[in-house]
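A short write-up of the structure that comes next.
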Amino acid sequence: MPPSTDRILVVGGDDSSRDRYVAELRGAGYEAEGRAGVLEDGEGCDLVLVAGGAPGSRRDGFGAVVDAVTAARKACGAAAVLACVPRDAGADAIEASLQSGADDVVVSPPFAGALLARVRAGLKIAQSRASLERFERYGDVLVHIGAQSEVSLEAADALHDILGRLAEAVGWTRSVLILMGDDPTGMLLVAASDDASPMKIPLALARYPEIRACMETREPVLVEDAAQSALLGEWAELASQKGGRALLAVPLIVDRRVAGALLLRSYHVRPPLPPRGIDFLRLASLTLGLVLRAGKVFEGLREQTNRMSLQRYNEERRNRALDQYKDFFESASDGMVVLDAEARVLYVNRAAQQMTGYAQEGLGGRAITEIVAEAQRTALNTVVKQVAEGANLESFDLQLSTTSGETITVSVASSSVLAEHGSAILAFRDVTERRGLEAELRKTKDFLERLIDSTVDGIIAADLRGTVMIFNQGAARLYGYSPDEVVGKLPVWRLYPEGMAKSIMSELRAEEKGGVGRLEPSRRDIVTKDGELVPVSLAASIIYEDGREVASVGIIGDLRERLKIEQRLAQAQEKLLLTEKQALIAELAGTTAHELNQPLTSVMGYSELLKKKLSPEDANFRAVDIILREAERMAEIVRKIGRITRYETKTYVGSTQILDLDKSAGEAQAPAADPEGGKRG
């Protein structure tokens with residue numbers, strides 16, 4: 001198998017998986033190289049195979065692979081990116097890989113032949129992408145040339161710019177414009193890509209065999225190595241030393257006559273020439289010829305058309321111009337129509353036919369406004385007239401009706417390349433889905449803004465420099481600032497006591513209070529516009545984009561009313577506890593009085609019986625009398641207990657608190673009884 005010129009980089013993952021992929025690719029003839037780190041630049045590779053996440057990635061698991069895919073997509077330009085997805089990862093992993101920039105995925109470990117099949121498909125994608133970028137570059141140059149509606153030989157800057165763009169588009173060193181003079185043996189060098197000064201340098205045609213050959217054959221002539229060229233003959237060495245190691249001559253044909261040539265030079269032997277590069281230069285030469293003719297450079301050519309009627313002449317010129325552009329129009333992916341000054345369709349390319357459903361025969365000769373929304377027809381007529389007169393206008397949107405009855409939205413760009421023929425070119429692409437998505441995004445954005453502003457709590461978002469980006473109405477009510485005073489003007493740390501904003505960010509990056517990137521609601525203080533410290537509940541989080549911190553957002557709730565309610569609730573609970581104690585004492589007192597009255601009644605009754613049976617001279621009479629009096633005293637205490645209605649205490653011994661019976665029963669303090677009998681006066 002012949003070796004491939006395609007270069008493949010295998011990045012990320014472990015050493016064994018990279019080595020396995022590299023070995024299989026090299027075995028298939030590809031130039032493959034493995035590296036552990038994430039790709040930072042494309043290094044001219046054609047395909048990048050992401051075998052896994054890179055060491056030190058900020059995310060774990062498949063998130064590291066997604067980060068590696070994103071980095072590869074940013075770095076590799078037109079190269080294809082393939083992501084290795086574990087077989088058990090599921091559809092979500094495949095979708096995440098594709099959304100991160102992968103062109104395709106390889107299920108890992110791959111079945112026999114699967115890796116090479118995916119790589120071949122990826123290389124085709126890379127080739128197609130490179131071709132598209134190249135054609136876009138070609139198209140930009142052609143449009144630029146065509147936009148120069150009138151360029152004369154005195155317009156040195158314009159010709160210098162055009163020639164520089166041509167050389168750059170094909171990657172060669174230098175290009176010059178050579179025109180034939182009245183003498184068939186002589187030429188004039190009129191402009192160069194590396195010299196902006198006006199030129200009219202006479203040259204002998206015989207000293208430039210490559211130019212003579214391209215004029216005779218009317219085809220481009222490529223000399224890959226001037227020093228070894230048989231075509232150059234005796235001039236080979238001089239051309240190699242002075243003109244360049246490689247030469248490319250492209251005939252300049254105007255009205256079917258060779259009027260000169262574009263001569264490109266390279267300082268390298270056999271320099272690379274992009275695919276279709278010669279076709280591009282041929283078309284560029286034709287376009288430049290039209291522009292030069294519009295600048296009256298080829299005044300003598302007009303003599304051939306004096307015998308024609310003006311209308312027929314203009315039609316033929318326009319048709320010839322269209323013929324010269326048709327290959328370009330047909331190769332374009334955008335829809336393209338050519339219109340006359342009255343907006344009648346002269347030409348419709350294949351992409352436009354597919355987009356609208358109308359064939360060339362269906363639209364040819366009709367006004368384009370027939371398939372345009374009625375409200376836009378007048379404006380479109382004005383645009384077409386201005387472009388046909390040479391104006392270059394900004395892109396705009398149109399509503400077009402297709403043959404199926406659908407209405408599509410297209411973005412239209414105009415070109416005045418054919419303005420000299422009284423015609424306008426409109427290029428358009430279908431943006432129906434994109435505009436619908438933009439409308440939905442606008443609606444979503446408006447809804448979220450209204451939602452944020454209608455939230456009672458304050459919501460504040462700031463970037464990592466501390467610049468406030470969101471300050472809703474809830475925050476305005478809480479702080480006393482208007483959003484206009486804060487957003488983009490007041491640093492976020494001014495909204496908190498000194499050092500608190502830094503402390504909050506430290507907690508957000510720690511694991512302890514909700515995990516990295518989150519902060520559970522917690523009690524904080526904020527500083528209002530008047531300098532007042534206000535207690536709040538703060539919850540916060542960090543916003544990430546592609547795994548990196550980009551902003552922080554906090555949700556702030558005012559705690560002042562809540563703290564007042566909590567204080568009143570604590571007071572109410574304290575009163576309730578006291579009431580419960582009083583109710584308990586009253587119930588206990590009633591129960592105690594009821595239970596003690598019966599035994600006390602018995603003690604008092606038997607004491608009175610004993611006292612009556614004993615004479616005063618009896619030795620036991622005094623003891624019985626004391627028992628009777630103390631029982632009566634206990635009965636009085638029991639009556640007081642039965643009358644307890646509230647909870648009152650007094651100090652007993654040291655700091656011990658006991659029930660104040662008299663106060664709790666609602667009575668004044670009675671004089672203490674004499675333990676020896678009687679009362680103290």
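The values are calculated or read from the model by the stated rules, or taken from the named source; none is laboratory data. Note that the structure is a prediction, hence the values are computed from the model and not measured. Glycine gets a Cβ as well: all are built from the backbone with ideal geometry, and neighbour counts include every protein chain shown.
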- Query: Restricting attention to region 198-209, does a residue exist that is free of Cβ contacts under 8 Å to residues at least 40 places away in the same chain, assigned to a helix (DSSP H, G or I) and buried (at least 16 other Cβ atoms within 10 Å of the Cβ)?
  - Reply: yes
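The rows are residues; the columns are (1) in the same structural domain as G122 (by TED's automatic domain parsing); (2) in contact with a helix residue (DSSP H, G or I) (Cβ under 8 Å, 6 or more places away or on another chain); (3) crowded, with 21+ Cβ neighbours inside 10 Å; (4) closer than 12 Å to L9 by Cα.
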{"position": "A28", "(1), (2), (3), (4)": "yes, yes, no, no"}
{"position": "C45", "(1), (2), (3), (4)": "yes, no, yes, yes"}
{"position": "R58", "(1), (2), (3), (4)": "yes, yes, no, no"}
{"position": "D88", "(1), (2), (3), (4)": "yes, no, no, no"}
- Message: For V223, only one of the following conditions fails: (1) touching a residue at least 40 places away in the same chain (Cβ under 8 Å); (2) surrounded by 14 or more Cβ atoms within 10 Å (Cβ to Cβ); (3) farther than 15 Å from G289 by Cβ; (4) more than 47 Å from the chain's Cα centre (by Cα). What is its number?
- Response: (1)
- Answer with yes or no whether L115 is farther than 23 Å from D279 by Cα, in a helix (DSSP H, G or I) and either touching a helix residue (DSSP H, G or I) at 6+ places or on another chain (Cβ under 7 Å) or not hydroxyl-bearing (S, T, Y) (or both). yes
- Message: For region 555-577, check the following and say yes or no: at least one residue is assigned to a helix (DSSP H, G or I) and touching a residue at least 40 places away in the same chain (Cβ under 8 Å).
- Response: no
- Item | Qualifying helices (runs of 4 or more DSSP H) (wholly inside region 270-387; at least 3 residues being at pLDDT 80 or above and of a type in the set (D, E, K, R)) | 310-331
- Looking at A501, A462, A539, which one is within 30 Å of S100 (Cα to Cα) and either surrounded by 14 or more Cβ atoms within 10 Å (Cβ to Cβ) or hydrophobic (A, V, I, L, M, F, W, C) (or both)? A462
- Message: Tell me yes or no: at least one residue of region 105-126 is farther than 15 Å from V10 by Cα and surrounded by 20 or more Cβ atoms within 10 Å (Cβ to Cβ).
- Response: yes
- Message: Just to check your reading of the model, which residue among R366, R377, R344 is basic (K, R) and touching a helix residue (DSSP H, G or I) at 6+ places or on another chain (Cβ under 6 Å)?
- Response: R377
- Message: Suppose we filter V65, V143, V151 for residues that are among the aliphatic types (A, V, I, L, M), out of contact with any His (no Cβ under 7 Å at 6 or more places or on another chain), farther than 30 Å from M180 by Cα and buried (at least 17 other Cβ atoms within 10 Å of the Cβ); which single one remains?
- Response: V65
- Out of (1) at positive phi; (2) in a strand (DSSP E or B), the one A413 does not meet is (1)
- Query: Looking at region 578-590, is at least one residue in contact with a Ser or Thr (Cβ under 7 Å, 6 or more places away or on another chain), outside the structural domain of I637 (by TED's automatic domain parsing) and among the small types (G, A, S)?
  - Reply: no
- Query: Of these, V105, V65, V69, which one is part of a strand (DSSP E or B) and closer than 23 Å to A126 by Cα?
  - Reply: V105
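Residue-wise test of (1) closer than 30 Å to F328 by Cβ; (2) among the aliphatic types (A, V, I, L, M); (3) outside the structural domain of V348 (by TED's automatic domain parsing).
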{"site": "G405", "(1), (2), (3)": "no, no, no"}
{"site": "E420", "(1), (2), (3)": "yes, no, no"}
{"site": "F447", "(1), (2), (3)": "no, no, yes"}
{"site": "Q473", "(1), (2), (3)": "no, no, yes"}
- Message: Looking at V119, V170, V143, V176 in this structure, which one is within 35 Å of the chain's Cα centre (by Cα), under 30 Å from A227 (Cβ atoms) and either assigned by TED's automatic domain parsing to the domain that holds A32 or in contact (Cβ under 8 Å) with a residue 40 or more places away in the chain (or both)?
- Response: V170
- Give region 601-640 a look and list any residue that's in a helix (DSSP H, G or I), over 27 Å from T591 (Cα atoms) and not hydrophobic (A, V, I, L, M, F, W, C), or say none. K611, K612, K613, R622, D625
- Task: With the checklist (1) surrounded by fewer than 14 Cβ atoms within 10 Å (Cβ to Cβ); (2) aliphatic (A, V, I, L, M); (3) without any contact (Cβ under 8 Å) to a residue 24 or more places away in the chain in hand, flag the one item L533 doesn't pass.
- Result: (3)
